[in-house]
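Single-structure report; data block below.
All of the numbers you see were taken from the coordinates with simple rules; none came from a lab. Fair warning: this is a prediction, and the values are worked out from it, not measured in the lab. Quick reminder, even Gly has a Cβ in these numbers, built from the backbone with ideal geometry, and neighbours come from all protein chains shown.
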Amino acid sequence: MCPKIRIKFAIYHKDILTPYHDRKVIFIEDESHRSQMGEMRKNVNHWFKNAQHFGFTGTPIFQQNMGPDGRTTKDLYENQLHQYLIRDAVRDGNVLGFSIQYLSTFEETDHDITDEQVPGIDTQEVYESEERLTKIVEHILLNHSHITKNKHYNAIFTVANTRMALKYYQLFRKLDPDHNLKVTTIFTWVANEDDNEEHQKQDDVTSRMGLDQVVKDYNQMYGTDFSTDKFKDYFADVSKRMRDHNDQTPTDNIDILIVVNMFLTGFDSKRLSTLYVDKNLQWHGLIQAFSRTNRVEGKQKPFGNIIAYRNIKNKTDEAVALFSDGDSSGFLAPDYDELKDEFTDKIGQLLAVTPDVQSVDDLYNRGDDALYEFVMAFRAVLRVYNRIRVYDDFEWVQYEPEFSDQLMEAFRGKYFTAYQTIYQRKTQERVSILDDVDFDISLLETDTINVDYIVNLISGIDLMSSTERKQDIQKIEHLLDNATNDQLKSKVELLEQFLNEVLPTLDTDDDIGMSLSNFMAESQRAAIKGFSQEHHLSEDFVNEQISDYNFYGKTKDKEIIDKLSANGLGFREKRQAKREIKDFVSTIDRKYSLS
């Protein structure tokens, strides 16, 4: 029903609604905690004398969270037909639980500033101080990639008002001038103008003026053409980019969306994993906001991350108790100490099976049972690591010297090799115990070291210091040795050659990224030249086949056969040469490109 139901009645009641005035009518209402409060419900019941309502809500209105309407969900619907709590949904795998971290943003003082109602203190001034906001932005810039698994996921940052949204937005632009994180903000300004009344002569903090500039920046970043006059178009594009967040198109992504109230209810995206909070939330508003993060994507997303920069723990505990019928089991992820104990235990079990990385190789000579034991032990480590790594408290030094980041990556490579080995065995007739192993191969992909990552590391090598350069190269070579990404593995030999042969010849002011691009291009030219000479083909012909393959996804077989025939090759020779040409053409771009 439209909120302006009385107007709709005036227009349509004679033709459409009058026949239903006294008949039994059933209404089925979603989001009934907010869609059925206020005048609309009264108007519906005033006209439909025999209406019956069925409502669905994940956050009912109780006495504790009742608003100015003065009614609860029970007042509106009377009998509760069924109860399905969030703990039930977590248990059934329909949604995730939450990992909540409460981070203090104040130095120790004589006052306990836990909310905005502290007598004698201008808490709004404290909360909106540039020093505090700067610390929060610095924390996010430092940790966001880690929390979101190398920006595989994105985040919403909810703040108290539009003025703070604009302050945060400007701070992100100031402290991250290269836009390593793509940040924007969205809000409706009319409902918030009273909050900005005293600032109306300052364009930089007035919500409408501020959003105008945000949209201009947005247009420049994404090549769009929106304005606040066409706010719906801007909103639609922001929504789409948040939902379509994709590793393959990072320039199209929004990494962090700053909001006041928008997107905190009703917006669902599997790629949204984190909610940064710098405002007071409570009751159903808190649960609804948290729930933006807990949509199931796969095993690599263990829970929704909540990073709170305000002390809302009591409010969270109250809301959890209210909406979980007093049983919060399943609602919250384990605390760090609990996961730490579990992680330590799983590491111990792994090392009992394979005391070091080299010992994994011996398992292949001991049969499937031995390899199975390693697979299960390392998979257990991976599963806990996937959950614990997002905690602020997590540091590898806590697990050294028994285990380390380097060991994790080395075992990861062995695990991937085991997966490939078993996958190949499945094509054979003999049955293996490993046929029943769930490798959780998706867990490997959550922290994939890909081509872009390695190229960025190489480009950032310190040429000024020989010690730093040596350490940087060793780190990169270690990552290359344990690569699990197919595209990266195809380039490992070339990248190592660049590190060992070309990099030492560069001057301190040389552009490493440009030097690497030139090296890869020259290596490709050399490979084409060598292949052409070996097969008695012109370089132009080979390049044409490469271009055709890159554009059409295949080579022109007839042209190849004609060229080989002109070279005097027999049937078998042509078939073999054709296969070699197709293999070379299909792999050369993947091997020599930096994408």
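Overview of results
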quantity: Over 20 Å between alpha carbons, listed pairs Lys42/Lys74; Lys558/Lys591; Lys151/Lys470; calculated: Lys558/Lys591; Lys151/Lys470
quantity: Too-long pairs where the Cα-Cα distance tops 23 Å, listed order kept, from Lys149/Lys270; Lys174/Lys315; Lys167/Lys216; calculated: Lys174/Lys315
quantity: DSSP-assigned coil residues among GluC sites (Glu not before Pro) in the range 293-391, each with at most 11 further Cβ atoms within 10 Å; calculated: none
quantity: Semi-axis lengths (Å, descending) of the ellipsoid that matches the C-alpha gyration tensor of the range 533-595; calculated: 21, 11, 10
quantity: Sequence-distant residues sharing a close amide H with Ser273 (under 5 Å, placed H); calculated: Asn154
quantity: Interchain or long-range residues, amide H under 5 Å from Phe157's placed H; calculated: Leu257, Ile258, Val259, Tyr276
